[in-house]
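Shown next, in structure tokens, is the structure this report addresses.
The values are calculated or read from the model by the stated rules, or taken from the named source; none is laboratory data. Given the structure is predicted, the values throughout are model-derived calculations rather than measurements. Cβ atoms come from the backbone with ideal geometry, glycine included; neighbour counts cover every protein chain shown.
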């Protein structure tokens, strides 16, 4: 049984009041949700609080929610919405005021898994290039390549059209290529001097 089916089964058991099944969902999704929320709210305590509220709300409202087919994506979509609501109330400077749906994910060199031979300099250049991307592109790149989501899953969670997600990822990758090739050229010139 694949992970998606297992989560759906656990959710179905949760609907019947099975606390252990809900605990399994919690254990399975917690770290990924925390990491995603932390990238949005940029505060460990707030990410934990939002995540705790999310799980409490899901437990309390399980009967109203009913059957959920894609449990993981439903939780991520809800977590994203709760994080945006938190930012609207307490840290509006982290949101694009015209588009409350855009969040600005920050990348650090620790986020980038690069082979040891590539070295710290490559990690720093990649983190810098990622942070230069527009907010939407950063989020799409994060979900697509750091969390290994499909385009349709990203569209479902973010509320964007499938083609918009594809376009954001494509533009983001092209921008990363351009930025990294420019920074590589600058490094080569600096080394020559």
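Tabulated results
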{"read-out": "Number of the exception - residue 121 against (1) at pLDDT below 85; (2) crowded, with 19+ Cβ neighbours inside 10 Å; (3) farther than 19 Å from residue 75 by Cα", "value": "(2)"}
{"read-out": "Out of 21, 31, 5, sole residue that is in a helix (DSSP H, G or I), without any contact (Cβ under 8 Å) to a residue 60 or more places away in the chain and within 13 Å of the chain's Cα centre (by Cα)", "value": "31"}
{"read-out": "Where a residue in segment 162-188 is over 21 Å from residue 148 (Cβ atoms) and its partner, wherever it lies, is modelled with pLDDT under 85, with Cβ under 6 Å and at least six apart", "value": "183/125"}
{"read-out": "Count - residues of segment 130-152 that are surrounded by fewer than 20 Cβ atoms within 10 Å (Cβ to Cβ) and either in the same structural domain as residue 70 (by TED's automatic domain parsing) or touching a helix residue (DSSP H, G or I) at 6+ places or on another chain (Cβ under 9 Å) (or both)", "value": "9"}
{"read-out": "For residue 56: the one exception among (1) closer than 27 Å to residue 151 by Cβ; (2) in a helix (DSSP H, G or I)", "value": "(1)"}
